[in-house]
Every structure is written in structure tokens, then in C-alpha cells.
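Reading through the C-alpha cells given below for one structure.
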Amino acid sequence: MATAAAASASSSLLAPAASTAPAAPNALLFPSSVPSLRAYPRLLLAFRRPAAAAVADPQGAVLEEEEVDADQRGRYDDDEDDGYEGGRGPAFTPPTRPRTGKAALPLKRDRTRSKRFLEIQKLRESKKEYDVPTAISLMKQMASAKFKESAEAHFRMNLDPKYNDQQLRATVNLPKGTGQSVKIAVLTQGEKIDEARAAGADIVGGDDLIEQIKGGFMEFDKLIASPDMMPKVAGLGKILGPRGLMPNPKAGTVSPNITQAIEEFKKGKVEYRVDKTGIVHIPFGKVDFPEEDLIANFMAVVRSVERNKPSGAKGIYWKTAYLCSSMGPSIKLNIKEMLDYGSESS
């Protein structure tokens, strides 16, 4: 028994003392037993996309990044129903001041209108369609500017002017005039110069007038030319074209009968054309005209637009029609009643 005790004592002295030896520094930084990351769900939620492609599990399994995210999302889907965004706290909503004055108006376009405009537009219903006499009467009531406003008609047509067979350009003779004076210049030569002056032309000339126009002279409202002057007038296209003053046979400003052309424009001949959006804008008098005169001018415009319908127009020709003064709100017309009224008045 003494020999056995001595042997055990000697073996214990030779065996390394694992419990008393100091731990290695790496063992402190990277312990062998790490608790599962599943125990820290909030920590995982803080990092939406971990830098590592996978997270090691202590049991030996490897959880892919997408599996961890799906697992955590499944656990905490109920947290998003408590009024918080992603479990991070309530959403911040900045305080808003109550709007007053024009800023409180429901329509954005009314917030930039004047007080005068906002008052007069209450006289008509915005979505109601009126007949011609009622619309003319309302337009006269709403014309409250400090100058004599013009009466205007605006028609949206079912036309696409980029096609040649859907272009609308013509003239109309207003039976009661336009209510404004027109300054007319005439380009002609020979004996027609005296005829133009006798007919009431304000400016008459030939080559000398062409040179003045090239130099920037634009003191006229209409430019009428005789056909023999058109080869010389062609060089003025870049100057007169953008201003809408280039003579054109469709507009009645190129005519062999200079005297008749001057008289028509002096009495109230108006040119109109469809713009690139398919809308026709035509002034047809002044708001201080009697209602009967305004109706006569307006129906002359309607009949002219209907008569000059382009060959390429398809489907419904008239889309919408509005009347307004220069500084007043628009008044919507009933298309069927307008066309019927035109046929009855004619």
C-alpha cells in the first residue's frame, strides 16, 4: 500500500497542473463556448445586412444571412402593428400651421388670382354649360377691368395640326366690326400704289418699304401685298413669320384686288388658325358692344370654323367651346345648343 501511494504521488507531481496554469491570451478574446446569436434578436435587428456571408452556430450548423433575417422578421412582425416603424420608435410628423387667406383655397390656380377675379367668378358655375345668349350676358357682367376688354372665343377642336390635312387657317368677316382700329401697310408697285392710298391704307410702298422692314420697321398691324411683290417679300419670312405678319393667300393678305382687301380688314376681317394644341383663339369684338352685336359676331365665327373644317378631321369635330373677356373667367358653352343656335340665326 505504501508503494501504491508513493506511485500516485509521483504521477500527480509529473502531470501538468491545468487548473492552476494561467489562460492563454487568445482564449480570453475567443472563448470556446459562445452563447447562440439567437439569444440576441434585437442585436441582429440593428444590423440589417451583416458583413459576413454566414453566421456560425455553436452547434456546428451554418446559418446563411438570409435565413437569419427571415427568422428574425418572422419573430417580430407583430411589433410593426403597434404604431412604430420597424420597432425603432414612433414616426415624426412636423407640425403644420393652419392656412389662411388665398393659401386656404381648394384650387391651386385660385391662389394666385386677384381679389377682383375671385369675386367675379362667383357669378358663374364652373362646370355648367350655358347657351350663347346667357354666356354673352354673363361675360358682359364679369368684365370689370379698368379698360375696354375684348370678347374672346376659344374652341378646342379634334385636330392635330402636325398633319397637313388637319390644319385650320382662315378668315372671317365680323358683321359688327372688331371695335379697334387697324393700321394697314401695303406692298405694291405701279398704279396700285395710288389705289391703296385712296382705299385708306396707312403705309404704302414697294422696294423702299421692304428695306425699311429689313431695318426693323414694324409700325403696322397688317401687311397686304400684291401677287407681283411676293418674290421680293419672300426674303422677309424670317422677320415677319414669327410675328404673324407674313402675307398669305389663306389669310387674305395676298390679293390682286388691293382696294377690297383693305376695306375688309378695316371693317372687321379677322384671321384665325389652330395652334399646336388644337385650340382656336378668336377675338370677336369688345365687351361694351350691345349683346345683339356680340351674338352676331360670335355666330359668324362659329359658322366660319364649321365651314372651313379640314378634310382630315375625324370623329367629333368640336370638343369644347368657351367665351371670356380679356381679364375675366371663362364660360363654358353647350356645343349642341351653340350649333343649333347658329343654324337658326342663319
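The values are calculated or read from the model by the stated rules, or taken from the named source; none is laboratory data. Predicted model only: the values in this text are computed from it and were never measured. Note: ideal-geometry Cβ built from the backbone for every residue, glycine included; neighbour counts use all protein chains shown. Note: areas computed on protein heavy atoms with side chains; ligands, DNA, RNA excluded. Shrake-Rupley method; radii C 1.70, N 1.55, O 1.52, S 1.80 Å.
Counting only heavy atoms of the protein chains and using a 1.4 Å probe, K162 has close to 150 Å² of accessible surface. Take the solvent-accessible surface of the protein heavy atoms, probe 1.4 Å, and return the percent of it on segment 181-266 that carbon and sulfur atoms account for. The value for segment 181-266 is 49 percent carbon and sulfur by accessible area. Among 194-205, 308-319, the peptide with the highest mean count of other Cβ atoms within 10 Å heads the list, and the full ranking is 194-205, 308-319.
The residues of segment 181-266 expose, per residue, 50 Å² of accessible area to a 1.4 Å probe. Across segment 113-256 the C-alpha pair distances fall into 10 Å bins from zero in the proportions 9, 28, 24, 23, 13, 3 percent. Label-to-label distance, N308 versus D275, with points set 7 angstrom from Cα along the beta-carbon direction: 1.7 nm.
In Å³ and rounded to a whole number, note down the convex hull volume per residue for the Cα atoms of segment 181-266.
Working: hull volume 7.2 nm³, N = 86.
Per-residue hull volume (Cα only) is 83 Å³.
With 22 Å as the limit, the listed pairs K232/K269; K122/K146; K140/K276 have K232/K269; K140/K276 beyond it between alpha carbons. For D293, the solvent-accessible surface with a 1.4 Å probe is about 40 Å², rounded to the nearest 10. Inter-part distance, segment 181-223 to segment 252-313, computed on C-alpha centroids, equals 23 Å. What's the FRET efficiency of K115 with N257 using the Cβ-Cβ distance as r and R₀ = 56 Å, to the nearest 0.05? My answer for the efficiency is 0.65. Report, in listed order, any pair from K115/K148; K250/K332; K128/K266 with a Cα-Cα distance greater than 28 Å. Cα-Cα > 28 Å for K250/K332; K128/K266; rest within.
Only Lys, Arg, Asp and Glu carry charge here, each on its Cβ (+1 for the first two, -1 for the last two); on that basis segment 301-344 has a dipole of about 240 debye about its Cα centre. Dipole magnitude for segment 205-331: computed about the Cα centre from +1 point charges on Lys and Arg Cβ and -1 point charges on Asp and Glu Cβ, it is near 660 debye.
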